[in-house]
Amino acid sequence: MGWFRSQFIDIIEWLDDSSDTIVWRFEHYNNEIKNGAKLTVRQGQVAVFVNEGQIADVFQPGMYTLNTANLPILSSLKGWKYGFNSPFKAEVYFVNTKNFTDQKWGTKNPIMMRDPELGAIRLRAFGTYAFKVIEPETLMKEIVSTDAHFTVEEISNQLRNIIITRFADVVASERIPLLDLATHYDNISESLRRIVSPEFNQYGLEITKLLVENISLPQEVEAILDKKTSMNLMQGNLQQFTQFQAANSIEQAAQNPSGFAGMGMGFAVGQMMANQITGQFSTPQGAPTPPPIPPTVQFFVALHGQQSGPYSLEVLSNMAKQGTINGQTLVWKQGMSNWTPAHQVPDLTPIFASVPPPLPHQ
């Protein structure tokens, strides 16, 4: 009789000592559950009874004495119209409803994107997320089936692929320049969580937290950006850059085995480099600044009853020497109110003073 009684299960519970088990089947092999058995469902758990492949009753956290009153679906499936007093067979699955935190996601290969400033680029990204079970029945039907020990590892790849696929859509839709992405991680994280939530819900899961920790470029592209930043720094404050170079020379000289002589030589070289660079790219303090070049004066000339020009003073001087114009020739420039004889214009007086008079008649 002792052996016979041992075949009947009278206490059903699950003490979870793992950190990654989502669903665990209560193992009683061919044993039958005793009528009036005690069921204990602890906080963060849900117990699901399955009869011949069909989900029957679901128990939330609490302590239960199993009978037809709290097994209505199973009673219907078993045909217990007037209650039962004998043991019965049923599979019992415990579902862990806690938050599974610190789950990693990241791109295995770079994602091709189009940046508004840099054009076509390849991005890598990674971060963390957390999820929990909100619909045990859906999870059992869609994913677990008859798996006796279902863990996070068995579904993590699928969840990561969902996040990575939707990440590219979110970054493209946000239209944030690559160089500004770091200041928008919170917005991108929340938008990504909101977009992937419906797909998690299809498995009976809820994504409770999603974080974008880093978005990066390939190393060769980052190296080019670093060089560009260095160039901008040099152009922005050359004096500080040369001082930095001199300091580096001193530090390197101090590591030279020749000792203080090496330090002196390194300091001299660094100082010389600083002076040369500063002399090439900057103007010495106190040097006079030359005045601006004066504008060229030009005149229009009245020749044969028609306006001609404008001509520079050099051209007018040649015309006077050739006899094309003389002191009575009418001229005008911007700022003059009327056409005026050339010999009355102060700018043209030196021209006619240097022209010899006509030869006398013989």
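The values are calculated or read from the model by the stated rules, or taken from the named source; none is laboratory data. In this text the structure is predicted, and so the values were computed from the model without any measurement. Cβ atoms come from the backbone with ideal geometry, glycine included; neighbour counts cover every protein chain shown.
Points to keep in mind about this one:
- Residue in region 102-111 that is in contact with an Asp or Glu (Cβ under 7 Å, 6 or more places away or on another chain), farther than 25 Å from GLU153 by Cβ and either crowded, with 16+ Cβ neighbours inside 10 Å or not acidic (Asp, Glu) (or both) present: no
- Search result, residues across region 55-67 that are at pLDDT 90 or above and of a type in the set (S, T, N, Q): GLN60, THR65
- Residue within region 116-123 that is crowded, with 17+ Cβ neighbours inside 10 Å and at pLDDT below 90 present: yes
- Residue in region 305-314 that is in contact with a Pro (Cβ under 8 Å, 6 or more places away or on another chain), at pLDDT below 85, small (Gly, Ala, Ser) and not in a strand (DSSP E or B) present: no
- Test set (1) of a type in the set (Ser, Thr, Tyr); (2) surrounded by 14 or more Cβ atoms within 10 Å (Cβ to Cβ); (3) within 30 Å of PHE94 (Cβ to Cβ) - THR146 fails condition number: (2)
- One residue from ASN99, ASN85, ASN70, ASN30 being within 18 Å of ASP10 (Cα to Cα), at pLDDT 85 or above and of a type outside the set (Lys, Arg): ASN70
- Qualifying residue in region 137-152 (condition: assigned to a helix (DSSP H, G or I) and of a type in the set (Asp, Glu)): yes
- Scanning region 166-199 for residues that are at pLDDT below 95, surrounded by fewer than 13 Cβ atoms within 10 Å (Cβ to Cβ) and within 26 Å of ASN99 (Cα to Cα) yields a count of 1.
- Verdict on GLY335 being on the phi > 0 side of the Ramachandran plot, surrounded by 13 or more Cβ atoms within 10 Å (Cβ to Cβ), modelled with pLDDT of 70 or more and of a type outside the set (Asp, Glu): no
- Matching residues in region 59-100 - criterion: being assigned to a strand (DSSP E or B) and either closer than 15 Å to PHE26 by Cβ or not aromatic (Phe, Trp, Tyr) (or both): PHE59, GLY62, MET63, TYR64, THR65, PHE88, GLU91, VAL92, TYR93, PHE94, VAL95, ASN96
- Subset of region 326-355 (residues that are assigned to a loop (DSSP other than H, G, I, E, B) and under 14 Å from GLN298 (Cβ atoms)): LYS333, GLN334, GLY335, MET336, VAL345, ASP347, LEU348
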